[in-house]
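What follows is a short report on a single structure.
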Amino acid sequence: MYNEGPANYHIHCTVKDCKYHKGDENYCSLDTINVATHESNPTDVKCVDCNSFECRSKGIFG
């Protein structure tokens with residue numbers, strides 16, 4: 001199981017497809033995350049990404 005670690009109550013997360021998502025608690029199980037942007041001049045929340053994201057199914061199926 002990917003989210004074996006305890007929920008980190010400092011990192012709220014609702015991305016259930018991430019392998020670090022802590023089940024029904026809506027928290028991340030990582031100690032820290034990497035937040036980045038894919039824009040040269042970010043001006044909106046949709047310009048920012050969690051670069052710690054790993055797809056849950058990718059870990060299972062390669």
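The values are calculated or read from the model by the stated rules, or taken from the named source; none is laboratory data. Here the structure is a predicted model, which means the values were calculated and not measured. Each accessible area value is taken on the protein alone, full model and side chains, heavy atoms only, with ligands, DNA and RNA left out. Shrake-Rupley method; radii C 1.70, N 1.55, O 1.52, S 1.80 Å.
Exactly one residue out of Val35, Val45 is at pLDDT below 95 and of a type in the set (Val, Ile, Thr), and it is Val45. Asn51: modelled with pLDDT of 90 or more and on the phi > 0 side of the Ramachandran plot, yes or no? Here the answer is no, as Asn51 does not meet what is asked.
With respect to the conditions (1) open to solvent by 60 Å² or more (accessible area, probe 1.4 Å); (2) polar (S, T, N, Q); (3) within 12 Å of the chain's Cα centre (by Cα), Asn26 lacks only one, and its number is (1).
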